[in-house]
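See structure below.
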Amino acid sequence: MDYIKVVEQAFQNENVAKYPQFKAGDTITVTYRIKEGDKERLQKFRGVCIQMKGNTPFTRTFTVRKVSSGVGVERIFPMHSPFIDDIEVNKIGKVRRARIFYLRNLSGKKARIQEKKFVNKEAK
């Protein structure tokens, strides 16, 4: 028996956390809860989303990469984790790939992602 499918069917009508739409290449800030003993605190992790993985909403994960003190740090978050407090989209990136692992080999200005420009047709 596939337990993931059983859980998905049980919680299909439940309200799941509503986060903004984002994709690979977007710069996002993930605020998540950390438990240390009996204390709990919020920590923010800001970086570039380098991949989205998983077909169903309950198996969906995303990977966020940032460079901290010259060292690349990647963290994988389950989309509907109870520890995620908030997800904020800071910049919408202009990339042509769904998985941008090539960022791992780049450094400095080459590792920057262009921001997508929007043209407002109503302003004319």
Scope the stretch 60-80; condition in a loop (DSSP other than H, G, I, E, B) and either among the hydrophobic types (A, V, I, L, M, F, W, C) or under 18 Å from Q21 (Cβ atoms) (or both); matching residues: R60, M79, H80
Cross-chain or 6+ apart pairs with Cβ under 9 Å, the stretch 82-111 first and under 13 Å from I28 (Cβ atoms), then among the acidic types (D, E) and not in a loop (DSSP other than H, G, I, E, B): K91/E115; I92/E115; G93/E115
Of all residues in the stretch 17-61 being closer than 17 Å to M79 by Cβ and hydroxyl-bearing (S, T, Y), the one that is surrounded by the fewest Cβ atoms within 10 Å (Cβ to Cβ): T56
Test result for V95, among the aliphatic types (A, V, I, L, M) and part of a helix (DSSP H, G or I): no
Subset of the stretch 36-72 (residues that are closer than 30 Å to Q9 by Cα, free of Cβ contacts under 8 Å to residues at least 12 places away in the same chain and among the charged types (D, E, K, R)): K53
Within the stretch 33-58, tally of residues that are assigned to a strand (DSSP E or B) and farther than 26 Å from Y3 by Cα: 16
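Since every read-out is calculated from the coordinates, none of them should be taken as a lab result. All values derive from a computational prediction rather than experimental measurement. We place every Cβ from the backbone using ideal geometry, glycine too, and count neighbours over all the protein chains shown.
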